[in-house]
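Written out below as structure tokens is the structure these notes cover.
The values are calculated or read from the model by the stated rules, or taken from the named source; none is laboratory data. Please read all numbers here as calculations on a predicted model, not as lab measurements. No Cβ is skipped: glycine too gets one built from the backbone with ideal geometry, and neighbour counts run over all protein chains shown.
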């Protein structure tokens, strides 16, 4: 295991891949520790890594173990993230505290993207990014995922923003921060469980080559934000906008009445409730989209590695 700093290290497989300019794809651990129940969470993590390997890239799931931010968890560590109950969800505001205390932490989009950048890896895959929450004018609830996208350099592959967010405000914020938004084989910005929204992306790309070309142009211009590549959930697993809106309204009402959750705990609580309301369809959609994103991310990583080698 290679130490990047006193708090950050690369796993052996990821270290070898980075050193040899092989394609590498990073993944978060919050979806394992908080996004899905056991054993589906472990199975999902293993399948995503298998998909990435099947496309010729090296997976590197990120997590904090005893205060050390590790990029590239091994099989036993993945299992621990799936079963342990003492793991803290981290974002940019609390990750230093988690590392300083020497405890275990699951990395969200923001902290995974930070780690990806520290390791010099070019592609990060997630399910859906966080964004601007509804009612942000009163709560000012804006995910640190957006801060990370504006601060760190990588191609971020996701199924758009999570369905419970203010999609229009999230896209406005992305534009304000200068974060380009590509649609992978779509002109419409996808919204997690939903394939389409009324909002258009900055540019449609139909292949890994086109996505990497935009990223390389961004690099040449000295533009150091991430490049958000939005991939629609596979059609067979998608939910309709009406289904999601109805489930979300019920979930939000339940959480407000029955649960005392705030900040970074709100999103997982609402998503869990939405899955129960839809009879498990949200979980099926979530699994389908993250696996599809892993496949697309690996293809993009392979193309990026090829371009970097050629240069």
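General remarks:
- Qualifying residue in the stretch 275-289 (condition: crowded, with 16+ Cβ neighbours inside 10 Å and over 28 Å from residue 46 (Cα atoms)): no
- Where strands (runs of 3 or more DSSP E) sit wholly within the stretch 14-75, those with at least 1 residues that are under 24 Å from residue 99 (Cβ atoms) and within 14 Å of the chain's Cα centre (by Cα) occupy 24-27, 58-65.
- Residue match in the stretch 158-168 (condition: in a helix (DSSP H, G or I), closer than 22 Å to residue 7 by Cβ and out of contact with any helix residue (DSSP H, G or I) (no Cβ under 9 Å at 6 or more places or on another chain)): no
- Of all residues in the stretch 211-244, those satisfying the criterion of being without any contact (Cβ under 8 Å) to a residue 12 or more places away in the chain and either surrounded by 14 or more Cβ atoms within 10 Å (Cβ to Cβ) or in a loop (DSSP other than H, G, I, E, B) (or both) are 213, 221, 222.
- Looking only at the stretch 81-110, and only at residues there that are within 10 Å of the chain's Cα centre (by Cα) and either within 18 Å of residue 11 (Cβ to Cβ) or not in a helix (DSSP H, G or I) (or both), the one that is modelled with the highest pLDDT: 107
- Residues that are at pLDDT below 95 and either surrounded by fewer than 20 Cβ atoms within 10 Å (Cβ to Cβ) or under 26 Å from residue 310 (Cα atoms) (or both) within the stretch 19-33 comprise 19, 20, 21, listed in sequence order.
- Of all residues in the stretch 181-208, those that are at positive phi and surrounded by fewer than 14 Cβ atoms within 10 Å (Cβ to Cβ) have Cβ atoms under 8 Å from Cβ atoms of residues that are at pLDDT 95 or above and in a loop (DSSP other than H, G, I, E, B), 6 or more apart or on another chain, in 185/206; 185/231; 185/232.
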